[in-house]
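This report concerns only the one structure given below.
What follows is calculated from the coordinates using simple rules that are stated; it is not laboratory data. The structure presented is a predicted model; accordingly, all values stated were derived computationally and were not measured. Positions of Cβ are backbone-derived with ideal geometry, glycine not excepted, and every protein chain shown enters the neighbour counts.
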Amino acid sequence: MPADLNESHDDGATATAERGGTYRERATAALADVPHEPGARKPDPILVADGVVRRFGGLTAVDVEHVEIQRNAITALIGPNGAGKTTLFNLLTGFDTPSEGSWTFEGDPISKLSAHKLARRGMVRTFQLTKALSRLTVLENMRLGAQGQRGERLLPALLPFLWHAQEKEISARAEELLARFKLDAKKEDFAGSLSGGQRKLLEMARALMSDPTMVMLDEPMAGVNPALTQSLLGHVKDLREQGMTVLFVEHDMDMVRDISDWVIVMAQGKIVSEGPPDAVMADPAVIDAYLGGHHDEPLDEEDRAMAEPGGLHYRHEEGPATSAGTAPRHEEGRA
């Protein structure tokens with residue numbers, strides 16, 4: 001990563017504009033003709049997965065036939081609880097081993113690589129529960145994210161002149177990133193003293209220390225107070241404008257609609273829908289995944305009569321009838 005991050009960002013934005021608009025505009029144009037269907041082929045995929053299956057005993061948590069992630073775009077991975085989103089993340093990033101399947105990153109097979117080797121190739125991730133080292137300072141946490149540190153090897157560690165200059169460069173880069181994420185005032189504080197939202201910012205900043213090509217964010221807004229939400233959103237968007245690819249898991253549909261170029265929907269371990277945010281939100285398969293099949297259709301003539309205008313009640317399967325219009329019918333397994 002360049003030493004002067006602000007200058008690098010400005011130059012990158014200018015170069016992008018000269019090539020035909022912002023990265024978001026280019027991503028929108030590139031994805032405009034992609035079919036809105038599961039496993040859709042992308043014009044320039046950075047990550048391609050085939051036949052990815054993960055079983056836990058008799059339970060199949062992930063069963064993804066084919067999926068591609070478009071380069072230089074923000075892709076959201078959504079779905080109801082238990083859909084297999086985080087399990088798929090763990091598989092793709094080397095934190096879990098598949099029962100079957102393979103995938104490539106930048107055209108190279110990576111399904112058998114460990115997490116640290118993937119990070120060296122440019123794929124990094126954050127976690128829903130942050131992994132900051134609480135008893136190290138914020139700055140020390142940042143330094144750990146840098147790749148290829150000479151002082152980490154035994155013999156060079158005994159000869160400071162071999163790594164002292166590099167450590168200064170790493171510290172300077174860490175401080176610039178902390179300033180960008182507005183954590184510079186906390187650099188000497190223990191990471192354990194940060195709030196939940198500040199830890200999310202620290203984890204994202206630390207991921208950038210390795211100068212990644214692709215950043216994978218597992219529920220970046222989980223546990224973040226509203227005061228920091230907009231700041232985190234801005235940083236996610238900024239990753240794309242610096243030319244990175246972003247894949248993130250999120251439950252907040254307003255956030256998904258705001259920042260994503262493409263949305264992939266999982267349910268019961270499978271991909272059930274793909275497309276731009278607005279198209280996906282209106283997809284019957286997505287509504288079915290979140291609410292259950294035929295969630296708004298009366299089951300019989302009696303239900304239909306009660307649901308019509310003038311009907312007295314909506315029947316509630318788990319309790320007494322309620323006044324008309326106050327609550328729809330809920331049945332076990334349909335929520």
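Ignoring lysines fewer than eight residues from residue 131 along the same chain, the ones with Cα atoms less than 20 angstrom from its Cα are 85, 117, 182, 186, 187, 200.
Close amide H contacts of residue 126 (hydrogens built in the peptide plane, cut-off under 5 Å, sequence separation of 5 or more or a different chain): 216, 217, 218. When only Cα pairs below 8 angstrom with a gap of at least 6 residues are kept, segment 205-268 shows a relative contact order of 39 percent.
Residue exposure proxy: 97, 75, ordered by other Cβ atoms within 10 angstrom of their Cβ from fewest to most, comes out as 97, 75. Of the trypsin sites (Lys or Arg not before Pro) found in segment 27-109, those that fall in a DSSP loop while having at most 15 other beta-carbon atoms within 10 Å are 41.
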